[in-house]
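Reading through the structure tokens given below for one structure.
Just so it is clear, none of the values below were taken in a lab; they were calculated from the coordinates. On a predicted model such as this, the values are computed, not experimentally measured, just so you know. All Cβ positions, glycine included, derive from the backbone under ideal geometry; neighbour counts span all protein chains shown.
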Amino acid sequence: QVQLVESGGGLVQPGGSLRLSCAASGIIFRLYAMGWYRQAPGKQRELVAIITSGGSTNYADSVKGRFTISRDNAKNTVYLQMNSLKPEDTAVYYCNSKLATVSRWGQGTQVTVSS
């Protein structure tokens, strides 16, 4: 059974940092592209960052220079380091795995940036 389990969300002040983790099971992790998406209240889910099986990365313009996606294939885990957080980064953050047409989602973790 495929599972993606996110952790690391929480409440942080503007300018602060958080690191999200997503632990995958039930897949050959190293073969999958992994991504982080987010959904704010009343908005559509949007791509935050993606890392391919080969380690190439891509970021939404809104997070470039502040967020870093990485993966540890030995631990079947993908990370999202978020620095210089802004109130507009507040959202539920979802982990995604993708191989060809097969896409799976985690349950999400809430990130709230507020003073």
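Yes or no: residue 62 farther than 13 Å from residue 20 by Cα and either touching a strand residue (DSSP E or B) at 6+ places or on another chain (Cβ under 7 Å) or among the β-branched types (Val, Ile, Thr) (or both)? So residue 62 fails the test.
The residues in the stretch 1-22 that are touching a strand residue (DSSP E or B) at 6+ places or on another chain (Cβ under 7 Å) and farther than 21 Å from residue 83 by Cα can be counted, and the count is 4.
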